[in-house]
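So the structure is just underneath, and the comments pick up after that.
The values are calculated or read from the model by the stated rules, or taken from the named source; none is laboratory data. Quantities reported herein were computed from a predicted structural model and do not represent experimental measurements. Because the Cβ atoms are built from the backbone with ideal geometry, glycine has one as well, and the counts that use them run over all protein chains shown.
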Amino acid sequence: MIVDLRSDTVTRPSPAMLQAMIEAPLGDDVLGDDPTVHRLEALAASLAGKQAALFTPSGTMANLLAIFGWTRPGDEVLMEAGAHPYNYEAAGSAVVAGVQVHPIHGARGQLDPDAVWSHVRPANDHFAPATLLCVEDTANRGGGSVYPLEVLDALSTGARARGLRTHLDGARAFNAVVHSGVALARRAADFDSVSFCFSKGLGAPVGSVVCGPADWIARARRHRKLLGGGMRQAGLLAAGALYALEHNIARLAEDHRRASDLSAGLAALGLETEAPQTNMVYVTVADAPATVAALDARGVRTLAVSPTSIRLVTHLDVDDAGVQRALAGFAEASA
Ligand SMILES: Cc1ncc(COP(=O)(O)O)c(C=O)c1O
């Protein structure tokens, strides 16, 4: 039996989620009349503490809409060097929004407010003006790390004081919420916009959302159209996302506990890994592609993220037995 730890995006909709999708009332969302999408966007906005929300096909599009919506061509966007839009979004911010990313290195994928502001360059014809700060919580390349609330606040208020807009890439925002015990509306309180994904730990097949001020979301809706992201009977997908929000948030704690078990087991095998805060485990090996192939042959699917680093992510479709099979696979592969 295969245990798939490549990502929390690999989950399949449960029978109950599928049933909710089948039964969802539908309309044409491009014409603005899909009631299930309306219900999802209203719930997402209220969870995020923002005026409005827009359902998007992916987290990548949600981030791109935020960057497109808060900047002008020629601007600079600050983010941590491992951040998703800088590394894994096909340079959409450069191609579509015409901005350049200014990457800043931080510990565990997190920006340090004391170090960030020196990267905001003074007004000068030589420099691209920094107009947006993007913060990723949890920080994927930071091992799924969760920002302390006071650091989130320092980043958002510090950016505002310097005239920058702020976007919170909360692809795994509810992992941060469950770990910290602090509601999303509070964590995102001082950010201009926040995005989160239904298709990751929450277990829906497709979809993300971007939330922000009502007039800004109206413009984002137009930009979504421009990008080809208007979806007709999208209520089918929104119903899966609604089911995920209504049933799958608190259980993320189980994924976090299993990631800790996995990390402790890997450490017991003598492998180098940091104790996780949420659902991601990064482990250092001599040859990541070779180890991934050896694990694959044993039914354990993982992801090489560098020549010497492998990522393992726990999710709805990984149980305790799956964690044990993964550990047995590592024991054999590294024997
Ligand atoms: C932090 C972060 N932001 C954004 C995304 C993009 O989401 P999607 O794969 O839905 O485009 C991901 C995907 O893994 C992510 O980890």
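When every residue of segment 77-98 is checked against the conditions, at least one turns out to be among the charged types (D, E, K, R), touching a helix residue (DSSP H, G or I) at 6+ places or on another chain (Cβ under 7 Å) and either farther than 23 Å from PRO205 by Cβ or more than 16 Å from the ligand (Cβ to nearest atom) (or both). For segment 251-288, filtering for residues that are surrounded by fewer than 19 Cβ atoms within 10 Å (Cβ to Cβ) and closer than 20 Å to ASN140 by Cα leaves 11. Taking the numbered list (1) without any contact (Cβ under 8 Å) to a residue 60 or more places away in the chain; (2) buried (at least 18 other Cβ atoms within 10 Å of the Cβ); (3) farther than 21 Å from ARG165 by Cβ in turn, HIS105 passes all entries but (2). Residue-level analysis places ALA294 among those that are of a type outside the set (Asp, Glu) and either surrounded by fewer than 21 Cβ atoms within 10 Å (Cβ to Cβ) or in the same structural domain as PRO15 (by TED's automatic domain parsing) (or both). When PHE68, PHE55 are checked against the criterion of being in contact (Cβ under 8 Å) with a residue 24 or more places away in the chain and more than 14 Å from the ligand (Cβ to nearest atom), PHE68 stands alone in meeting it. The set of residues in segment 236-273 being among the small types (Gly, Ala, Ser) and within 26 Å of GLY329 (Cα to Cα) consists of ALA253, ALA259, SER260, SER263, ALA264, GLY265, ALA267, ALA268, GLY270. For segment 155-179, the set of residues classified as buried (at least 22 other Cβ atoms within 10 Å of the Cβ), more than 15 Å from the ligand (Cβ to nearest atom) and assigned to a loop (DSSP other than H, G, I, E, B) consists of LEU164 only.
Would you confirm, using the coordinates I've provided, whether SER145 is away from the ligand (no atom under 11 Å from the Cβ), in contact (Cβ under 8 Å) with a residue 60 or more places away in the chain, of a type in the set (Gly, Ala, Ser) and under 30 Å from ALA304 (Cα atoms)? In short, yes. For the criterion of being in contact (Cβ under 8 Å) with a residue 12 or more places away in the chain and over 19 Å from SER14 (Cβ atoms), VAL285 passes. Considering only residues in segment 310-332 that are in contact with a Ser or Thr (Cβ under 6 Å, 6 or more places away or on another chain) and within 15 Å of GLU272 (Cα to Cα), the one that is surrounded by the most Cβ atoms within 10 Å (Cβ to Cβ) turns out to be LEU312.
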